[in-house]
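Beneath this line is the structure, given in C-alpha cells, with notes to follow.
Bear in mind these aren't lab numbers, they're just calculated from the coordinates by the rules spelled out. In this text the structure is predicted, and so the values were computed from the model without any measurement. Reconstructed Cβ throughout: ideal geometry from the backbone, glycine too, with neighbour counts over all protein chains shown.
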C-alpha cells in the first residue's frame with residue numbers, strides 16, 4: 001500500500017495540507033465573494049439614491065429660481081394688488097407655455113396665494129380660488145408669516161409634488177402674498193430610464209395625506225400603504241415592485257427580485273415630516289454584471305491560488321523525494337544489501353552513499369561504520385565457523401585415519417556412541433554394545449572382573465586418587481596379534497573414552513633399535529677395551545678346545561664355573577648372543593648336575609659349537625670393525641672409514657648415534673697402557689727398581705689429533721726411567737726408597753686436559769745444564785744468568801740437547817723431548833716443569849680440549 | 001619437611017628409602033619390618049607420611065602392606081601412605097589405594113620419584 005511507504009505518507013500529507021489550505025482560502029474567498037456582492041448592492045443602492053437626490057436637488061433649485069423670478073414679476077404683483085385674476089392668467093399662461101415649450105419640464109404648475117393664506121390663482125385650475133389653505137399648507141403659512149422662501153415636497157391638492165414657495169414683495173417692500181412653483185416628477189422618472197436604465201416611482205404615504213383627498217382619488221394605490229404620485233409609470237416595474245417586501249427593503253436599504261434591484265429615498269417636507277418614498281430601481285441584470293465583474297476577480301485569485309498551492313505541493317513532493325525519499329531509498333538499498341549479506345544472499349556489501357545531505361550523510365557514515373564492524377564480525381564468525389567445520393572434519397578424519405582407535409564406554413563397560421574405524425579394525429569386529437573388559441581381556445575372566453571393578457571404583461573417586469588409580473590400569477594389550485596401547489580418559493562421571501594405539505610397528509622398531517643399540521654397545525665396548533677383549537677371546541678359544549676334558553660328571557661344577565665366568569666376561573663386552581647361548585648351556589649343565597647324568601643337550605655341545613657361539617658376535621663385530629680387526633693386537637683405533645660408515649648408518653637413531661660418536665674418540669687410558677709395559681721393561685733392562693707405573697685417570701675420550709702428542713710422551717717416560725730414577729745403589733746412598741716411583745695423573749678440568757708425569761728421581765742439575773748449553777754454544781754465561789731456572793730447563797727440549805753423558809739406545813739422542821714440544825705446540829698446549837734437584841721432577845702438560 | 005615412618009621387610013629397601021628421604025630433608029621417625037609393627041608404630045608416632053611395602057610377611061593378623069593400609073586408615077582416615085611397589089603389582093596397588101593409600105612409588109626408587117610422591121601428599125622437600 002502506498003500509504004505504508006514514507007514517500008506515500010509524505011505525498012498524502014502534502015495533499016492533505018494543500019487541501020486544507022485550499023479549502024480555508026476558498027471559504028475566505030467565498031465569504032469575500034459574499035461581501036463583494038453586498039458591497040456591490042450597497043454601491044448601487046448609494047448610486048441610485050445619490051442620483052435621486054441629485055435630481056431632487058435640481059428640481060428644488062429650479063423650483064426656487066423660477067418661483068423667485070415669477071414673484072418679482074411686476075405684472076403679477078400688480079394683478080395681485082388689484083385682485084385682477086385675468087391679468088395673472090394671461091401672464092402666467094404665456095410664461096408656462098414658454099417654459100413647457102423650451103424646457104423638458106412639462107408638468108409645471110404655478111399657484112399664487114394671498115397673504116392671508118387663501119388661494120388667489122391656480123394657473124392649472126383657474127376657476128378654483130379663494131379657498132383657505134392654512135389648514136394643510138404649512139409651507140404657505142410659514143412663508144407668508146416669515147416672508148422667506150421655502151421649498152420641498154409637500155402634499156397639495158395636486159398631490160405630492162416638489163413645491164417652491166416664495167413671498168411676493170413689491171418694490172416698496174409690501175407683502176402681497178406668495179407664489180408657489182409646483183413640479184411633477186415625471187422628468188425624474190424619465191431620466192432614470194434614460195440614464196440608469198432603471199425606474200423611478202414616487203410613492204406617497206397614505207397616512208400623511210391631508211384630509212382633503214379629492215385630488216388623489218384618481219391616484220393609484222401601491223401596496224395599500226402608498227399612493228403612486230406620478231403620472232409617468234413603467235408598468236412592468238410597477239407590477240414587480242408591487243410584490244416586493246417593503247419591510248425588508250426598509251431594513252436592508254435595498255431589495256431585489258429576479259428583475260430589479262430596488263432601493264428608496266425618503267421624501268420629507270421642509271419641516272422634516274415624512275411624506276413618502278421614492279422607490280428607485282435598476283435592472284438586476286446590470287447589478288449582476290457588476291457582481292460578476294467583482295466575483296470574476298475572486299475566481300481568478302482562487303484559480304491562481306489553487307494553481308500555486310498545487311505547484312507548491314508538487315514542488316514539495318518532488319524536492320522531498322530528492323531530499324528525503326531518495327536518501328531513504330539509498331539507505332534502504334544499502335540496508336537491503338547489508339541484510340542480503342547478513343543472510344548470505346550476497347557475498348559483498350555495497351557501502352551507503354555518504355555524499356547524501358548532511359543528516360543522511362552522517363547517518364550513512366554511521367551505518368557504514370557499523371556495517372564494516374558487523375561485516376568484519378560476520379566474516380570472522382564465518383571464518384570461525386569454517387574453521388570449526390574444518391576442525392570437525394579434521395577430527396573425524398583424525399579419528400578415522402589416525403593410527404588410533406577411539407571408543408566410548410559407560411559405567412557398565414558397554415561401548416556405545418561414536419567410535420573410530422580404527423577401533424573396529426583393532427578388535428576386528430563390530431564393537432558397538434560390547435563390553436570393553438571382555439574385548440580387552442578376552443579369555444581372562446578374573447582380569448575382566450578386576451578391571452570392571454577398578455573402572456567403576458575410579459568413577460567414584462576424584463582428583464589425585466582418580467589419576468593414581470588410572471595410572472595403575474594396564475596400558476598395553478596384545479589384541480589379535482597386535483600390540484595395542486590403551487589410554488583411559490574420564491569424560492564425565494559415568495563414562496570413559498578409550499584411546500587405542502596400534503604400537504606393533506613401534507614395538508618392532510623399538511626392538512630393532514634395541515638390537516642395533518645392543519650391537520653398537522658391543523662394538524663400542526669391544527673397541528674401547530680392545531686388548532682386554534682379545535685376551536678374553538683368546539682365553540675362550542683356548543678353553544673351548546679343552547671342552548671334552550670337562551665332559552665328565554665330576555667336572556661339571558668346574559665347567560659351570562668356567563662357563564659362568566665367560567658368560568660374565570662376555571656380558572661385560574655386551575656380547576649378548578654368546579651370553580645367551582652360554583646361559584642356556586649353563587642351564588643344561590645345571591640340569592646335568594641335578595640329574596647327575598650328562599644330558600643330551602649338554603653332550604651335543606662341542607668345541608665347534610662353542611666357537612660358533614662366539615662367532616655369532618664376532619661376525620657382527622667384523623662386519624663393523626673390519627675383517628682384520630682381531631688379527632692385529634696393536635690396533636688401538638678403528639679405521640676412520642669404518643667409523644664414518646657406522647656413523648652414517650646409525651645417525652638417525654639418537655640413542656646409538658651418541659654411542660657411535662664415542663668411536664671417533666678414544667679412551668685416553670688406552671694410550672698410556674703401553675707405557676706401563678714400557679716402564680716395566682725399561683727398568684729391567686736398565687737395572688732400575690721402579691714400582692709399576694700407575695695411570696691415574698678416569699675414562700676421558702679424546703679425538704685422534706691428540707694421538708701423536710700422547711705417543712711422543714714415550715720420551716718423557718724413557719727419560720724418567722733412564723735419567724730420572726737413580727740406580728738402586730745410588731738411591732740407597734741418598735737414603736731414598738730403593739724402588740723409584742713414576743706416576744702419571746690425567747685430569748679433565750675446565751675444558752683442559754691436565755697430564756702430570758712425576759718421578760722421584762734425581763731431578764735436573766741446573767748447573768750441569770748451563771755447562772752443556774755453553775759447551776754446545778747455544779748461549780753465553782751472561783745471557784744464562786738472566787734466565788730463570790725454568791727457562792734454562794726448557795733447553796732440554798731443544799733439538800740435539802741431551803744431558804746424558806752417553807747416548808744410549810733408550811734415550812739421549814736429543815730428538816725425543818723436542819718432538820714432544822713440537823706436538824704440544826700443534827695442540828696449543830703448554831708445559832710446566834717443577835724441578836727439585838735430587839728429589840725428582842714433575843712435568844705438567846696442559847692441553848685445551850675446548851670444541852672437541 | 002615431613003616425618004616419615006618406613007615400613008618394609010627388606011632392610012636394603014628400608015635403607016634406600018631412608019637415605020633418599022633424609023637427603024631430601026625429611027626426618028625418619030621410625031622403621032618397621034612388617035605391617036603389624038607398622039600399624040603399631042603409626043599409632044605411637046603419628047608420622048606425616050608412611051612408606052609401605054606391599055608384600056610383607058603376615059604378622060598377628062596383618063597380612064601384608066595392603067592390610068596395614070586398611071588398619072592405619074581405620075585409625076586415621078587422613079593418613080598419608082605411599083606404597084612402595086614393583087612392576088606387576090598394579091592390582092595390589094589398586095587395592096591399597098582403595099583401602100586408602102594416597103600414592104605409590106614404582107621401584108627402582110629414585111630421588112625424583114620420592115620427591116614427587118611426597119610432594120603429592122603435601123610435603124615439600126629441601127632439595
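Approximating the spin labels as points 7 Å out from Cα along Cα→Cβ, the residue A:366-to-residue A:304 distance works out to 4.6 nm. State whether the range A:666-848 is rounded, prolate or oblate according to the following rule on the C-alpha gyration tensor (a ≥ b ≥ c being the square roots of its eigenvalues): a/c under 1.5 gives rounded; otherwise a/b larger than b/c gives prolate, and the remaining case gives oblate. Oblate is the answer for the range A:666-848, as a/c is 1.5 or above yet b/c matches or exceeds a/b.
Of A:304, A:695, the sequence from fewest to most neighbouring Cβ atoms within 10 angstrom is A:304, A:695.
Relative to the longest principal axis of the Cα atoms of chain A, the long axis of helix A:326-342 lies at roughly 30 degrees. Seen against the Cα atoms of chain B and their longest principal axis, helix B:65-75 is set at about 90 degrees. Per residue, the average separation of C-alpha pairs within less than 8 Å and at least 6 apart gives chain B a relative contact order of 26 percent. Taking the DSSP beta bridges with both ends in the protein assembly as shown, the antiparallel portion is around 80 percent.
Here the range A:322-392 and the range A:736-791 have alpha carbon centers that stand 95 Å from each other. Tell me whether chain A comes out rounded, prolate or oblate; compute the Cα gyration tensor, take square roots of the eigenvalues as a ≥ b ≥ c, and use a/c under 1.5 as the rounded threshold. Note, shape of chain A comes out prolate. Taking every residue in B:90-100 and counting other chain Cβ atoms within 10 Å of its Cβ, the average works out to 5.
When the helices of chain A are scored as -39500 (n - 2.57) per DSSP H run of n ≥ 4 and the total is divided over every residue, the value at 222 nm lands at -17000 deg cm²/dmol.
If the chain linking residue A:595 and residue A:493 were pulled fully straight, counting 0.36 nm for each residue of separation and taking away their Cα-Cα distance, it would gain 30.7 nm. Taking the number of Cβ atoms within 10 Å of each Cβ as an exposure proxy, the fewest-first ranking of A:730, B:54, A:499 is A:730, A:499, B:54.
For a modelled paramagnetic label at residue A:292, 7 Å from Cα along Cα-to-Cβ, the residues of the range A:225-267 in reach, with backbone nitrogen under 20 Å, are A:256-262. Relative contact order, whole percent, for chain A stands at 6, derived from Cα pairs under 8 Å and 6 or more residues apart. Shape class of the range B:3-111 from the Cα gyration tensor (axes a ≥ b ≥ c, square roots of the eigenvalues): rounded, since a/c falls below 1.5. Between the alpha-carbon centres of the range A:487-535 and the range A:536-559 there is a gap of 36 Å. Placing R0 at 56 angstrom, the Cβ-Cβ distance between residue A:197 and residue A:322 gives a FRET efficiency of 0.40 after rounding to 0.05.
Rounded to the nearest 5, the antiparallel percentage of DSSP beta bridges internal to the range B:37-127 is 10%.
In plain terms, the residue of A:501, A:599, A:74 with the fewest other Cβ atoms within 10 Å comes first and the most crowded comes last, giving A:74, A:599, A:501. Between helix A:816-826 and chain A there is an angle of about 10 degrees, using the helix long axis and the longest principal axis of the Cα atoms. Under the simplified labelling scheme, the residue A:461-residue A:509 pair shows an inter-label distance of 3.3 nm, with each label point 7 Å from Cα along Cα→Cβ.
Remark: spin-label model distance residue A:207-residue A:587 equals 17.0 nm, labels positioned 7 Å along the Cα→Cβ axis.
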